[in-house]
Structures are given as structure tokens and as C-alpha cells.
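Read the structure below first, then the notes.
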Amino acid sequence: MIVRLVALLGSLSPLLLHAQAPESLMVVEAYSGKILVAANSSIKRPVSSLNQLATSIVAVDWATATAADISQLVITAPPTVALVGGPNPMHLQPGDKLTLRDALYSTLLGSDNLAALTIADHIGSQILAKRGKTGDPVAAFVVEMNRLAELVGMTNTKFVNPHGLERPRANGYSCAADVARLSIFTMRRNALNFIVRQKERQINVIGSSGKRGYLIHNPHELLGAEGLLGIKTGASAAAGPCLTTCMDREPLVRVKPDGSKGATPRRLIVVLLNSPDRFSRTRSLLQQGWSIYDAWLKDGAPVTEARREILAVPAPN
């Protein structure tokens, strides 16, 4: 019996085993990188639509690099959206048109897999054309997502598509520590920082029968609490309920030895993967994280081993 069980476990995908593991979590202060709470934070596992944070960063960075106005640039849903499952709050169909900004809203607030694919198809096509190449535009876009992961230091992450859906023999993965890095990086982009804190957003799609309007709701239940800025929910059978959250406090103003005043910004990122009670857990971890951080700061912010105590995230470039 034991031999048969071992054989069965050996035949299962490592990601499937990780999906059944206990929750992974990371609580970090974003400006200092101080890790405050962590558990199973480096385990590779599916992260569902938290994947779409990387999609959105690549899209905004591309728009910045090409001087494209996300509120004016119109993108078109490709035929392949008909093959994508999961959330589709805009009832997007092949040939439908919408602005890149509205696609980002539907992606980040509504975990819209079809909007994420539409973003990737458009920008991937532009990237290929710019480089004088042909090929799969979505694959070209995913290459940029993985380049982003490398830049941010996400060593336990692999993106295989722009939306995060698990696919046979093509499963992406990340971990709580890497999602924390990605969340910090996301909140440094002004456009994305603004989008993820919205409770709802009216967006428009132009289809064969004319314009359609949709009100996209943000399912992050903690929005509205003081200082709570978002950022993203996600869930799937393989990943379980996932949540990444950002909370700011007013900068801490202190008098320096020379008599001048200095301000220390304060921002917590809380990441939970495969956490059934993700909102209550996040609320509790925010309180715990602030308590640990305040005590650490009061003690002079000591760092004994930076590699273990600090989550390094490079500045945006």
C-alpha cells in the first residue's frame, strides 16, 4: 500500500502537490524591504490571476516607452479569446474593441482573462513588428513578462500566459515572496497604483452591435479601510484563494541629530496564497505586520543578515 502511494505521489505534478500545501504568505514593508512575517514563502505554486499584475506592468511600461496614451489607444480582441475560459465580465468577443485603459481596469479589477489576452495580443504584435519578426504575439508578450520577473528578482517564477489560467503541460508558477516583489513593483507605477485602488469602474466595449457599457467591481473586500490601496485578488482550483494587499500609513516624521526633520514612508504588502479565509487573515496580518515593523523601527531598524531579512526589489527603470 505504501509503495503504491509513493508511486502515485511520484506521478503527480510538483505544482499539483504544491497547490495542496498549506497557505504561503509574506508580509513586508515595501520601502525598507524588511520581511516581517513569512511562511512557505518560497514554495513554487500556481498563483491564478495574480499573474495579471505582470501583464499590466509590461503593458504600462510598453505604453510609456512608445508614448502611447492608454486612455486613447484602442485594441481589438483576437479570435483566440474564444478559447479562453474563466472570468469575462465584459462578455468580450473576437473583434470587440476597447481602450487599453479599460482593458487594464477589467484585468486588474475583474480578473478578466480575455482582457489580459487581448492586451498581450496587441502589444506582442507591436513588439514583433518593431523587431522585424513574425510569430505568436502572445508568446512574445510572455517573454517580456519573464524578463520583467528576472529584473524584479523573481527567481521562483515562470509565466506561461498573460492571464494565469492553468493549462495541461503548460503550468506557470510563482511564490509568496515573488508575488510580494511584483506587488511592490506594481504599486510604483502611478497608473496601476490608481487603478487597483478603485472599488468599481465604468468601462466600454465597441462590438458589432455598437457600444456596450459595464460596471466592473473590485472584489477586494478590505478596500475602504483607512490607508488600504488594493491590490489584487485571484482564485482557481489549483491555486486556491489568493490575495495581495497594500496598505500605507502616514510617513513617520523624526528629528535628526542635526535638528532637521526626516520623513520615513511606510507601506505594507501582504501576500496570501491558497488561503481560504484570505480577507480575515490579511486583516490580522496587517495588524501583526505594523506591530513588528514599528518595534523594529523603534529599535533602530537593525539588519543582521540582509539576504534573509530584506526583500530586495530594484527601482523601476
Checklist line | Members of the range 90-100 that are assigned to a loop (DSSP other than H, G, I, E, B) and surrounded by fewer than 19 Cβ atoms within 10 Å (Cβ to Cβ) | finding: HIS91, GLN93, PRO94, GLY95
Check: Picking from ALA116, ALA82, ALA63, ALA103, which residue would you name as being of a type in the set (Gly, Ala, Ser), in a helix (DSSP H, G or I), at pLDDT below 95 and out of contact with any Phe, Trp or Tyr (no Cβ under 9 Å at 6 or more places or on another chain)?
Finding: ALA82
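Quick one: in the range 102-129, of everything that is under 10 Å from ALA59 (Cβ atoms) and more than 15 Å from the chain's Cα centre (by Cα), which residue is surrounded by the most Cβ atoms within 10 Å (Cβ to Cβ)? Let's see the steps before the verdict.
Going through the range 102-129, the residues under 10 Å from ALA59 (Cβ atoms) turn out to be 103-104, 107, 116, 119-120, 122-123.
Among the residues that remain, those that are also more than 15 Å from the chain's Cα centre (by Cα) are: 103, 119-120, 122-123.
Numbers: ALA103: 30, ILE119: 27, ALA120: 26, HIS122: 23, ILE123: 27.
Among those residues, the one meeting the criterion is ALA103.
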Next item on the list: Quickly run through the range 269-287 and pick out the residues that are out of contact with any strand residue (DSSP E or B) (no Cβ under 9 Å at 6 or more places or on another chain) and either farther than 23 Å from PHE185 by Cα or buried (at least 21 other Cβ atoms within 10 Å of the Cβ) (or both).
Entry: SER280, SER284
Next item on the list: Might you let me know whether the range 180-190 holds any residue that is over 17 Å from PRO46 (Cβ atoms), surrounded by 22 or more Cβ atoms within 10 Å (Cβ to Cβ) and of a type in the set (Lys, Arg)?
Entry: yes
Item checked: Residue list for the range 282-302, filter: without any contact (Cβ under 8 Å) to a residue 12 or more places away in the chain and either closer than 23 Å to LEU182 by Cβ or among the charged types (D, E, K, R) (or both) -> SER284, ASP294, LYS298, ASP299
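The values are calculated or read from the model by the stated rules, or taken from the named source; none is laboratory data. Predicted model only: the values in this text are computed from it and were never measured. Cβ: placed from backbone, ideal geometry, glycine included. Neighbour counts: every protein chain shown.
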